[in-house]
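Colleague: Quick one: the structure is below, questions incoming.
The values are calculated or read from the model by the stated rules, or taken from the named source; none is laboratory data. Just so we're clear, the structure is a prediction, and the values are computed from it rather than from any experiment. Virtual Cβ from ideal backbone geometry, glycine too; neighbours counted across all protein chains shown. These area figures cover heavy atoms from the full protein model, side chains too; ligands, DNA and RNA do not enter into them. Shrake-Rupley method; radii C 1.70, N 1.55, O 1.52, S 1.80 Å.
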Amino acid sequence: MRLLDEIKNDLVNEKAKLTNKLRKAKILASQLQLDEFKNWVRFELEGYIKYDDLPDYRKFKAHNVGIFSDPFQSVIKNVTLP
C-alpha cells in the first residue's frame, strides 16, 4: 500500500509537516472506510467542537502567575493570579 508507506516515511522525516501527514492519514482512513479514525484526523486538523470531545492528551491545567514590582525596586515573583 503506497499511501501507508508514504505516511510511515513522513513520520520519521523531520522536515515533513504534521498537517501533510494528517491529510494523508485522512485519505487513508477514507479509502479503508475507517470512520472513527477519519473523524479523529478531522478534529486534529480542524479543531475540536466541544471541550468534552477533547481527548485527555489535549487537556491540561494552566496556572497564571505574575511578577510585580514597584517604583522602589521591590519585586514579588510567581504570584498566583485568579
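Colleague: Only one residue in Lys50, Lys61, Lys38 is in contact with a Ser or Thr (Cβ under 9 Å, 6 or more places away or on another chain) and not hydrophobic (A, V, I, L, M, F, W, C), so which one is that?
Modeller: Lys38
Colleague: Something else: Considering each of Ile49, Ile27, Ile76 in turn, give the residue that is within 29 Å of Glu6 (Cβ to Cβ) and of a type in the set (Val, Ile, Thr). Give the derivation first.
Modeller: Details: Ile49 fails: within 29 Å of Glu6 (Cβ to Cβ); Ile76 fails: within 29 Å of Glu6 (Cβ to Cβ).
Criteria check complete, one pass: Ile27.
Colleague: Here is a follow-up. Taking the criterion of being among the basic types (Lys, Arg), within 30 Å of Pro82 (Cα to Cα), open to solvent by 60 Å² or more (accessible area, probe 1.4 Å) and within 14 Å of the chain's Cα centre (by Cα), would at least one residue in the stretch 43-58 satisfy it?
Modeller: Scanning the stretch 43-58 turns up at least one residue that is among the basic types (Lys, Arg), within 30 Å of Pro82 (Cα to Cα), open to solvent by 60 Å² or more (accessible area, probe 1.4 Å) and within 14 Å of the chain's Cα centre (by Cα).
Colleague: Can you tell me which residues in the stretch 13-33 are within 19 Å of the chain's Cα centre (by Cα) and of a type in the set (S, T, N, Q)?
Modeller: Asn13, Thr19, Asn20
Colleague: Report yes if some residue within the stretch 37-53 is in a helix (DSSP H, G or I), without any contact (Cβ under 8 Å) to a residue 24 or more places away in the chain and among the small types (Gly, Ala, Ser); otherwise report no.
Modeller: no
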